[in-house]
Amino acid sequence: MQARVKWVEGLTFMGESASGHQVLMDGNAGDKAPSPMEMVLMSVGGCSAIDVVSILQKGRNDVRDCEVRLTSARRDEAPRTFTEINLHFVVTGKGLTEKAVERAVNLSAEKYCSVSLMLGKAAAVTHSFEIIAVG
């Protein structure tokens with residue numbers, strides 16, 4: 001996997017993936033775009049949400065929506081690494097069982113989400129979920 005990051009102006013940078021997608025990042029506390037640490041936090045949410053939805057769909061569950069609400073804590077001094085990250089999944093669907101959603105979240109956390117597993121080597125990563133049933 002390869003990528004590049006190019007300086008735009010001030011502390012704003014444009015990241016470009018090998019697949020050609022671009023994303024703006026800002027080192028001024030997210031003035032013009034997400035900061036790199038915000039991108040890392042969103043990345044772990046995206047990685048894990050992809051797993052959860054995919055696992056539930058493969059199990060023929062009727063998933064209508066999945067949102068991950070991320071909370072974190074960081075060190076006060078440099079380097080300001082994450083010390084804690086919680087991924088709280090809000091999964092909406094018809095006939096979803098607690099067992100199925102818990103299984104999907106656990107498989108993502110323990111086996112599939114590369115970002116979460118990598119960050120777990122440096123921070124306490126926890127997962128929680130709730131189900132919203134639709135008729």
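The values are calculated or read from the model by the stated rules, or taken from the named source; none is laboratory data. Quantities reported herein were computed from a predicted structural model and do not represent experimental measurements. Note that each Cβ is placed from the backbone with ideal geometry, even for glycine, and that neighbours are counted across all protein chains shown. Just so you know, the surface numbers come from the protein's heavy atoms only, side chains and all, with ligands and any DNA or RNA stripped out. Shrake-Rupley method; radii C 1.70, N 1.55, O 1.52, S 1.80 Å.
Looking at the structure I just gave you, is ARG69 under 23 Å from ALA29 (Cβ atoms), out of contact with any Leu (no Cβ under 9 Å at 6 or more places or on another chain) and in the same structural domain as CYS47 (by the TED database)? The answer is no for ARG69.
When you check VAL68 against the structure, is it more than 30 Å from MET14 (Cβ to Cβ) and surrounded by 15 or more Cβ atoms within 10 Å (Cβ to Cβ), yes or no?
no
Just one residue in the set ALA100, ALA122, ALA104, ALA109 is open to solvent by less than 40 Å² (accessible area, probe 1.4 Å) and within 19 Å of MET42 (Cβ to Cβ); that residue is ALA109. Of the candidates VAL63, VAL40, the single residue that is farther than 21 Å from MET118 by Cβ and either under 18 Å from the mean Cα position of the chain (by Cα) or at pLDDT 95 or above (or both) is VAL63.
Considering SER116, SER35, which residue is open to solvent by less than 40 Å² (accessible area, probe 1.4 Å), polar (S, T, N, Q) and without any contact (Cβ under 8 Å) to a residue 12 or more places away in the chain? The unique qualifying residue is SER35.
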